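A short worksheet on the structure shown next.
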Amino acid sequence: MIGTNWIREQGMQDALLVNALRKRGMDDVPLWQRKFPKRDAAMKHWNDLTPRRDGPVNPERVEVTDLAVMNEDIKHRAREMGADDVGMTALRPEFIELGVDLPHKNVIAIICYEDYAKSLEGPDEVDLEAMSTYAKCADVATDLAEYIREDLGYPAVAHHNGSFQIQAIPVFYEVGVQDYCLTCNLCRNNCPGDAIPDDYITTEGIKRWLTDIDKCYPISRFRESYCHICVDVCPYIHKENGDPEKKSMFGQYMKIRKEEGYKTPKGER
Ligand code: SF4
Ligand code: SF4
């Protein structure tokens, strides 16, 4: 199956980032200039996993007699490896990078939760928790792909921060994650830069709230400590919105952010 979707380049290859820097007479991203060895270690970890993304497939294949049982086995294995949630759907060309040919029929999406309590320790810890969780996702994806190839005898490739040709967001949309966004709005209400629009656009049947880079980056990447508020308030991390302990944690977290120089968030929480 040949991919039809353009994947936005990362780092200084990202044209939108470079444009936002140029407009401000900047030539680099302050956040990235900071010495942050733990973050570098997480990045090294997922890059080191890249050679294990793909490998030989066991010729003695486990025959699928009951698809539901096989699906449950794979989900169970993924959870044992560290995933907090797992979903599956059919692979579609719009999930795949433009022009890349992948021989697979299905895609498995895994979720690993960040520790919400890290938000109380300030933006650096939030950033590090995010990077550590990306590294954990890379571990689970790598181990699961190996399990499918070596134990079950089917081809499988891990896509993670180290290297990928599948876009995560359209896949998660397909497995139902975005339904909650239609009534949630927590990220938009709490964004200190008003960078998340009220309205979405629809492309290829997928709703997208296009973050305004020129409003977001001066508050996130162009400072020396990260923003990340939109992610921290997301119920997929802050799952128990009705839990009094988590609510009080959220209040403390926003106080710390104000002390870091963020304005009071607008809207209801
Ligand atoms: S990182 Fe901060 S400024 Fe950027 S969209 Fe998220 S909450 Fe808004
Ligand atoms: S906070 Fe999370 S669930 Fe809520 S609208 Fe934003 S992305 Fe969607």
task: For helix 123-146, report the angle its Cα long axis makes with the longest principal axis of the Cα atoms of the chain; keep it between 0 and 90° and round to the nearest 10°.
output: 10 degrees
statement: With Cα coordinates, the longest principal axis of the chain makes an angle with the long axis of helix 37-49, in degrees rounded to 10, of 20 degrees
- prompt: Considering the chain, which cysteines have no disulfide-compatible partner, defined as another cysteine with its Cβ under 4.7 Å away?
  reply: CYS112, CYS137, CYS181, CYS184, CYS191, CYS216, CYS227, CYS234
- line: Diffing segment 208-213: the Karplus 3J(HN,Hα) column from phi (6.51, -1.76, 1.60, θ = phi - 60°), in whole Hz with x for Gly and Pro, holds 9, 9, 7, 5, 7, 4
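Tell me the Kirkwood radius of segment 11-259: reciprocal of the mean inverse pair distance over distinct alpha-carbon atoms, in Å. The partial results should precede the final answer.
Working: mean 1/r = 0.0498 Å⁻¹.
It is 20.1 Å.
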statement: Note to self: C-alpha centroids of segment 84-109 and segment 1-75 sit apart, in Å, by 14 Å
- prompt: Pick from GLU146, GLU63, GLU97: which is most flexible by mean-square fluctuation in a GNM of the chain where alpha carbon atoms under 10 Å apart are linked?
  reply: GLU63
Estimated [θ] at 222 nm from DSSP helical runs (n ≥ 4, -39500 (n - 2.57)) normalised by residues in the chain, nearest 500: -11500 deg cm²/dmol
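Volume per residue, Å³, of the convex hull around the alpha-carbon atoms of segment 1-80? Intermediate values should be presented prior to the final figure.
On the way: hull volume 15.9 nm³, N = 80.
Enclosed volume per residue, from the Cα hull, is 199 Å³.
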query: So what's the net charge close to PRO93: Lys and Arg +1, Asp and Glu -1, counting the other residues with Cβ under 11 Å from its Cβ?
result: -3
- prompt: Top mean-square fluctuation among ALA90, ALA156, ALA141, Gaussian network model of the chain, C-alpha springs under 10 Å?
  reply: ALA90
- prompt: GNM, the chain, Cα, under 10 Å: largest mean-square fluctuation among ALA41, ALA15, ALA135?
  reply: ALA15
message: If I fit a long axis through the Cα atoms of helix 67-81 and take the longest principal axis of the Cα atoms of the chain, what angle between them do I get, 0 to 90°, rounded to 10?
response: 50 degrees
statement: Set LYS215/LYS258; LYS23/LYS215; LYS44/LYS136; LYS75/LYS105; LYS136/LYS215; LYS75/LYS136, cut-off 21 Å on Cα-Cα distance; pairs above it are LYS136/LYS215
- prompt: What is the Cα coordinate range of segment 78-203 on the first, second and third principal axes, sorted by size from largest, in whole angstrom?
  reply: 48, 35, 24
Cα extents of segment 49-96 along the three principal axes, largest first (Å): 30, 28, 27
task: Calculate the spin-label point distance for VAL100 paired with ASP198, positioning each point 7 Å from the Cα along the beta-carbon direction, and give it in nanometres.
output: 3.7 nm
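Throughout, read-outs are computed from the coordinates displayed, never taken from laboratory work. These figures come from a predicted structure and were not determined experimentally. Neighbour counts are summed over all protein chains in view; Cβ atoms, including those assigned to glycine, are modelled from backbone coordinates with ideal geometry.
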